[in-house]
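Trainee: Please read through the structure below; I'll follow up with questions.
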């Protein structure tokens with residue numbers, strides 16, 4: 001495979017020069033051109049045929065989000081959003097991901113020279129990931145209706161009393177493409193779904209904005225996790241950026257531990273850290289789900305969950321933006337089922353119903369072996 005061809009779209013001449021210099025440091029990437037606005041970019045995309053474009057948000061004549069929506073509806077291709085707004089305007093960034101951007105990076109500040117090596121690694125890694133992403137045409141992108149009624153999206157939703165009598169906990173890990181995948185899963189779950197804990201690779205501050213955004217769309221409550229938060233039915237906790245999150249248990253109650261620490265698999269939070277803690281503290285009561293993302297984070301932890309008796313799911317290749325993490329988990333032997341994204345929520349609920357029914361039958365069988373009354377002859 002040849003070099004990844006990149007087109008830079010940014011209204012700042014300084015930014016275009018800086019990004020060209022930074023990106024060109026990687027021998028596997030070639031900057032084939034730059035454009036100062038989307039109008040010029042249209043022509044350069046046709047002529048240069050880049051593999052990936054980096055796109056600023058604020059530009060003259062047409063803003064980046066408008067151009068992104070147009071691009072994804074007509075000629076979808078891998079896009080990495082690059083803007084100062086990705087740091088302060090988290091809502092704008094999340095909207096860009098909804099519209100089809102693969103990922104985002106913050107525009108580097110040229111006055112902080114010491115940060116440039118980390119910025120180079122971040123930008124080049126996300127460009128390489130974007131080049132491998134599965135991009136689909138989007139005819140229109142509409143926000144999900146707020147507070148979807150569970151009975152409208154899940155046929156035969158689990159009775160409230162049933163879920164409350166289980167000790168199941170759902171742990172989910174995701175990376176590139178995961179924000180939209182998580183939304184698709186969470187909006188389908190009923191209000192009394194089991195407690196859920198999530199690691200999504202995302203920078204600090206963005207996880208709170210993401211949690212707040214998803215919370216408005218779901219029947220369950222969604223929030224950024226805090227150290228010591230209980231894992232309870234009807235609530236999803238998202239690991240805060242730059243912190244690991246572990247599932248712990250005290251008696252019959254689950255809670256999360258949020259802490260700092262070294263990166264694991266180059267990530268903090270790490271999916272492996274969460275999954276391994278679930279294997280240790282939840283065992284067969286855990287349901288593990290690994291979603292779209294680049295790399296192998298979560299593969300070993302999911303294997304440990306399966307070995308501990310947990311039920312494990314991997315998103316299938318066709319519905320992944322990047323099949324890296326699920327593929328690694330499958331090859332490691334940590335997956336019970338490979339399921340398309342639209343079916344994962346119902347698979348979780350179906351497993352809980354089946355497990356509950358099995359436990360109930362087992363309990364009835366045990367009870368039936370006990371005589372209802374003692375014979376006078378005995």
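Trainee: Exactly one condition in (1) buried (at least 18 other Cβ atoms within 10 Å of the Cβ); (2) within 22 Å of residue 189 (Cα to Cα) is false for residue 241; which is it?
Mentor: Just one mismatch for residue 241, condition (2).
Trainee: Keeping to segment 171-197, report how many residues are assigned to a loop (DSSP other than H, G, I, E, B) and under 8 Å from the mean Cα position of the chain (by Cα). Step through it out loud before you land on a result.
Mentor: Step one: list which residues in segment 171-197 are assigned to a loop (DSSP other than H, G, I, E, B), which gives 175-177, 187-194.
Still in the running and under 8 Å from the mean Cα position of the chain (by Cα): 175-177.
Number satisfying all stated conditions: 3.
Trainee: If I filter segment 209-225 for residues that are assigned to a strand (DSSP E or B), at pLDDT 95 or above and within 24 Å of residue 306 (Cβ to Cβ), do I get at least one hit? Please lay out each step first, then the result.
Mentor: Going through segment 209-225, the residues assigned to a strand (DSSP E or B) turn out to be 221-224.
In the following step, the residues that additionally are at pLDDT 95 or above were identified as 221-224.
Filter again for within 24 Å of residue 306 (Cβ to Cβ), leaving none.
The answer is no; no qualifying residue exists.
One line per residue, one yes/no per condition, for (1) within 18 Å of the chain's Cα centre (by Cα); (2) free of Cβ contacts under 8 Å to residues at least 24 places away in the same chain; (3) surrounded by fewer than 22 Cβ atoms within 10 Å (Cβ to Cβ); (4) closer than 25 Å to residue 233 by Cα:
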position: 302; (1), (2), (3), (4): yes, no, no, yes
position: 310; (1), (2), (3), (4): no, no, no, yes
position: 314; (1), (2), (3), (4): yes, no, no, yes
position: 331; (1), (2), (3), (4): no, no, yes, no
position: 344; (1), (2), (3), (4): yes, no, no, yes
position: 351; (1), (2), (3), (4): no, no, yes, yes
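Trainee: Here is a further query. Between 201, 235, which is under 14 Å from residue 267 (Cα atoms) and modelled with pLDDT of 95 or more? Reasoning before the result, please.
Mentor: Numbers: 235 fails: under 14 Å from residue 267 (Cα atoms).
When all the criteria are applied, what remains is 201.
Rundown of residues vs (1) crowded, with 21+ Cβ neighbours inside 10 Å; (2) outside the structural domain of residue 90 (by TED's automatic domain parsing); (3) touching a strand residue (DSSP E or B) at 6+ places or on another chain (Cβ under 7 Å); (4) at negative phi, yes/no style:
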| position | (1), (2), (3), (4) |
| --- | --- |
| 181 | yes, yes, yes, yes |
| 184 | no, yes, no, yes |
| 189 | yes, yes, no, yes |
| 216 | no, yes, no, yes |
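The values are calculated or read from the model by the stated rules, or taken from the named source; none is laboratory data. A quick note: this is a predicted structure, and the numbers were derived from the prediction, not measured. Note that each Cβ is placed from the backbone with ideal geometry, even for glycine, and that neighbours are counted across all protein chains shown.
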